Amino acid sequence: MDYIIIVAGGKGLRMGGDLPKQFMLLKGQPILMHTIMRFHEYDPGLKIILVLPKDQQDYWHELCKKYRFTIPHTIADGGETRFHSTLSGLSLIPNDTRGLVGVHDGVRPFPSVEMIRECYNAAAGKGAVIPVIPVVDTLRHISGRTVDRSDYMAVQTPQVFTIDLLKKAFQQPYSPHFTDDASVVEAYGHTVSTVEGCRENIKITTPYDLKISEAIVG
């Protein structure tokens, strides 16, 4: 049995308003619904766990009624950090469950179905997989030195793991060095493999990102 944990804990501050960015409208529907629909399109049988701060859950239920959003999903309480939010989502998966679990940013509504499929297929054999894309901008270290961008890749989500591996990795104490789920798994001692990501799989964090997203959906 396979799962996806969709983490949506944004406050929307960089958007310049009070509405959390995952609830902002994109083509007449909240961004978060677009994200959930993409994973449902990949696999209607995929078990969806949505991680939301407790004080946003009533509003989400209201939105689901308003937009007649009926894709089945379970809600977990958001935590203080991304680590704790993912841990909260993982706690809803029974410990003896065999299969795969992905973790995805709620405000990345455009992962291609093909990329999602590649992440899950690769994780079935390698245990831990993340999608990456080449860095196209010149990179400059804060010391003032330009670095070779070919040495770096930009990391996306979904990051997909075997359930057993991710649960064991998240038994580690929290560290501020855990910047994503893959970093937790690497700290546990497991190698993380990569697959090719997709350019349109952007994370919506600013008003400019929202404009780009409107162009993507057409």
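The values are calculated or read from the model by the stated rules, or taken from the named source; none is laboratory data. What you see is a predicted model; the values in this text were computed from it and never measured. Every residue, glycine as well, gets a Cβ built from its backbone with ideal geometry; the counts of neighbours run over all protein chains shown. When the accessible area is computed, the model is the full protein with side chains, heavy atoms only, and any ligands, DNA or RNA have been set aside. Shrake-Rupley method; radii C 1.70, N 1.55, O 1.52, S 1.80 Å.
Could you tell me which residue of the range 95-111 is most open to solvent (accessible area, probe 1.4 Å), considering only residues that are assigned to a loop (DSSP other than H, G, I, E, B) and among the small types (G, A, S)?
Among those residues, the one meeting the criterion is G99.
Name the residue that is most open to solvent (accessible area, probe 1.4 Å), counting only residues in the range 169-209 that are farther than 27 Å from S88 by Cβ and in a helix (DSSP H, G or I).
Y208
Return only the number of the condition from (1) in contact with a Leu (Cβ under 6 Å, 6 or more places away or on another chain); (2) open to solvent by less than 10 Å² (accessible area, probe 1.4 Å) that H73 does not satisfy.
(2)
Hey, any hits in the range 126-137 for a residue that's open to solvent by 70 Å² or more (accessible area, probe 1.4 Å) and under 27 Å from P20 (Cβ atoms)?
No: the range 126-137 contains no residue that is open to solvent by 70 Å² or more (accessible area, probe 1.4 Å) and under 27 Å from P20 (Cβ atoms).
Okay, residues lined up against (1) over 30 Å from Q172 (Cα atoms); (2) in contact with a His (Cβ under 8 Å, 6 or more places away or on another chain); (3) at pLDDT below 95:
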| residue | (1), (2), (3) |
| --- | --- |
| L32 | no, no, no |
| I36 | no, yes, no |
| Y42 | yes, no, no |
| I48 | no, yes, no |
| D58 | yes, no, no |
| F69 | yes, no, no |
| H73 | no, no, no |
| G89 | no, no, no |
| L100 | no, no, no |
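Enumerate the pairs (first residue in the range 109-124 and more than 16 Å from S193 (Cβ to Cβ); second residue anywhere and at pLDDT below 95 and open to solvent by 10 Å² or more (accessible area, probe 1.4 Å)) with beta-carbon separation below 9 Å, excluding pairs fewer than 6 apart on the same chain, so at least 6 apart or on different chains.
P109/I216; P109/V217; F110/I216; F110/V217
Please find, among E80, E114, the residue that is at pLDDT below 95, open to solvent by 10 Å² or more (accessible area, probe 1.4 Å) and either in a helix (DSSP H, G or I) or closer than 30 Å to H190 by Cα (or both).
One residue alone meets the criteria, E80.
Being within 23 Å of T81 (Cα to Cα), touching a strand residue (DSSP E or B) at 6+ places or on another chain (Cβ under 6 Å) and among the aromatic types (F, W, Y) is true for just one of F161, F170. Which residue is that?
Every option except F161 fails the conditions.
Note down all Cβ pairs under 9 Å where the first residue falls in the range 69-84 and is without any contact (Cβ under 8 Å) to a residue 40 or more places away in the chain and charged (D, E, K, R), the second is crowded, with 17+ Cβ neighbours inside 10 Å and assigned to a helix (DSSP H, G or I), and they're at least six residues apart or on different chains.
Close Cβ pairs (under 9 Å, with a partner that is crowded, with 17+ Cβ neighbours inside 10 Å and assigned to a helix (DSSP H, G or I)) amount to D77/S85; D77/S88.
Does at least one position in the range 1-21 carry a residue that is among the hydroxyl-bearing types (S, T, Y), in contact (Cβ under 8 Å) with a residue 40 or more places away in the chain and out of contact with any helix residue (DSSP H, G or I) (no Cβ under 9 Å at 6 or more places or on another chain)?
There is no residue in the range 1-21 that is among the hydroxyl-bearing types (S, T, Y), in contact (Cβ under 8 Å) with a residue 40 or more places away in the chain and out of contact with any helix residue (DSSP H, G or I) (no Cβ under 9 Å at 6 or more places or on another chain).
For the range 130-168, give me each residue that is in a strand (DSSP E or B), under 20 Å from the mean Cα position of the chain (by Cα) and among the hydrophobic types (A, V, I, L, M, F, W, C).
Of everything in the range 130-168, those that are in a strand (DSSP E or B), under 20 Å from the mean Cα position of the chain (by Cα) and among the hydrophobic types (A, V, I, L, M, F, W, C) turn out to be I130, V132, I133, M153, A154, V155, V160, F161.
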